[in-house]
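The values are calculated or read from the model by the stated rules, or taken from the named source; none is laboratory data. Note that the structure is a prediction, hence the values are computed from the model and not measured. With ideal geometry, Cβ positions are generated from the backbone for all residues, glycine too; neighbour counts draw on all protein chains shown.
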Amino acid sequence: MTVSPPFERLPPLNALRAFEAAARLGGFRQAATELGVTAGAVAAQIKLLEAECGAELFHRHARGVTLTALGQRVAPRFSAAFDALGDAARELRRLAAPRRVHIVTSPALAQLWLSPRLSLLRAAMPDVDISVTALEDPPDLKRTPFDLCLFYTPPEAGGTALWDERLLPVCTPAFAKGLAEPADLARVNCIADVVWQDWRIWAEDVMPGQHLAPTGPGFSLYAVAVQEALSGAGVLMGRQSLVQPHLDSGALVAPFRQPVPLGLSISVWMLPESRNDKVVAAVEEGLRRAAGRVVAA
């Protein structure tokens with residue numbers, strides 16, 4: 001007969017992660033996006049945790065979920081615990097690979113802004129291993145293995161602004177011959193990103209009071225939209241930093257030469273504690289220097 005008390009078993013880590021993410025983000029769907037699983041999987045994990053502790057942690061409603069009193073009381077402690085776990089994991093990665101920096105950015109910036117500048121970064125820091133992951137939205141750096149975020153942000157969002165983005169229609173020189181004024185855009189293919197509202201923003205500034213409903217193909221990958229413009233398929237609403245190499249080479253032209261501020265900047269940021277990491281800070285500084293460099297297409 002043993003006289004040692006039984007070791008208290010912790011609830012499953014995945015169930016605790018699901019609860020903490022859903023509590024912090026305000027819903028199962030949001031937690032699923034962060035954790036890379038389905039909302040049903042998050043719901044199942046939380047149900048498992050509730051069964052194990054014998055109490056409900058969320059009220060389920062037709063419009064979503066809200067924390068119970070118990071959930072509200074314990075959620076901050078779990079968030080603090082996972083923050084500490086994330087800090088420890090980052091420290092482990094830093095000590096195991098002190099010359100490795102992982103950048104997360106959007107697909108458009110990864111393909112059209114960052115990728116052409118990676119050679120500049122590597123030439124300046126040949127002993128640093130720089131890797132890149134593309135995500136649609138900025139992640140929570142505390143919960144991910146990334147060192148630097150590089151995304152479009154509004155001015156008040158913080159971080160270091162590298163480039164204040166501007167919009168201008170672009171097309172091939174041959175296509176531009178049929179465009180005398182902005183109103184001519186109503187009768188040609190206008191290529192667009194299916195998520196961005198760039199055409200509306202530009203038209204409201206350049207053509208106030210006029211209705212412009214551009215028609216043409218839409219793409220979820222901006223790099224594909226740029227290739228369509230290069231092939232002569234229509235007029236693309238260009239983000240200047242992403243199409244400038246093609247303007248410099250003459251492959252694309254801006255027929256109206258009326259750039260409009262987008263109201264967003266390409267910005268880079270890191271966790272405050274990462275500023276003590278000289279390698280991460282050096283890569284951020286390298287991005288600042290590279291921001292002013294236009295790399296040939």
Taking Q30, is it assigned to a helix (DSSP H, G or I), closer than 30 Å to D129 by Cβ and of a type outside the set (D, E)?
-> no
What residue, of V37, V42, is assigned to a loop (DSSP other than H, G, I, E, B) and not assigned by TED's automatic domain parsing to the domain that holds W196?
-> V37
If you take just the helices (runs of 4 or more DSSP H) that sit entirely in the stretch 217-297, which of them hold at least 3 residues that are of a type in the set (D, E, K, R), over 19 Å from the mean Cα position of the chain (by Cα) and closer than 22 Å to V104 by Cβ?
-> 278-291
Do the conditions hold for V280, that is, is it at pLDDT below 95 and in the same structural domain as L121 (by TED's automatic domain parsing)?
-> yes
Can T133 be described as closer than 30 Å to F256 by Cα and either assigned by TED's automatic domain parsing to the domain that holds P272 or surrounded by fewer than 19 Cβ atoms within 10 Å (Cβ to Cβ) (or both)?
-> no
Selected residue (only one of L121, L48, L162 is within 24 Å of the chain's Cα centre (by Cα) and outside any strand (DSSP E or B)) = L121
Candidates L162, L120, L114, filtered to the one that is out of contact with any Asp or Glu (no Cβ under 8 Å at 6 or more places or on another chain), of a type outside the set (V, I, T) and modelled with pLDDT under 90 | L120
Name the residue, out of R187, R143, R200, that is more than 28 Å from P116 (Cα to Cα) and under 20 Å from the mean Cα position of the chain (by Cα).
-> R143
Please find, among A55, A75, the residue that is touching a strand residue (DSSP E or B) at 6+ places or on another chain (Cβ under 9 Å), touching a residue at least 12 places away in the same chain (Cβ under 8 Å) and not aromatic (F, W, Y).
-> A75
Scan of the stretch 141-168 for residues that are in contact with a helix residue (DSSP H, G or I) (Cβ under 7 Å, 6 or more places away or on another chain) and farther than 13 Å from I103 by Cα, ordered by number | K142, R143, T160, L162, W163, E165, R166, L167, L168
Candidates P107, P126, filtered to the one that is under 30 Å from R24 (Cα atoms), modelled with pLDDT of 90 or more and of a type outside the set (A, V, I, L, M, F, W, C) | P107
Sole exception among (1) farther than 30 Å from S274 by Cβ; (2) within 26 Å of the chain's Cα centre (by Cα) for L57, by number = (2)
Tally, over the stretch 81-115, of residues that are more than 18 Å from the chain's Cα centre (by Cα), outside any loop (DSSP other than H, G, I, E, B) and not acidic (D, E) = 14
With criteria (1) crowded, with 18+ Cβ neighbours inside 10 Å; (2) out of contact with any Gly (no Cβ under 8 Å at 6 or more places or on another chain), C149 comes up short on (2)
Quick one: how many residues across the stretch 153-189 are under 24 Å from S249 (Cβ atoms) and in contact (Cβ under 8 Å) with a residue 40 or more places away in the chain?
-> 19
Scanning the stretch 106-146 residue by residue, those touching a Phe, Trp or Tyr at 6+ places or on another chain (Cβ under 6 Å) and touching a residue at least 40 places away in the same chain (Cβ under 8 Å) turn out to be S106, A108
Filtering the stretch 79-92 for residues that are under 14 Å from F19 (Cβ atoms) and either touching a Lys or Arg at 6+ places or on another chain (Cβ under 6 Å) or modelled with pLDDT of 95 or more (or both) leaves a count of 1
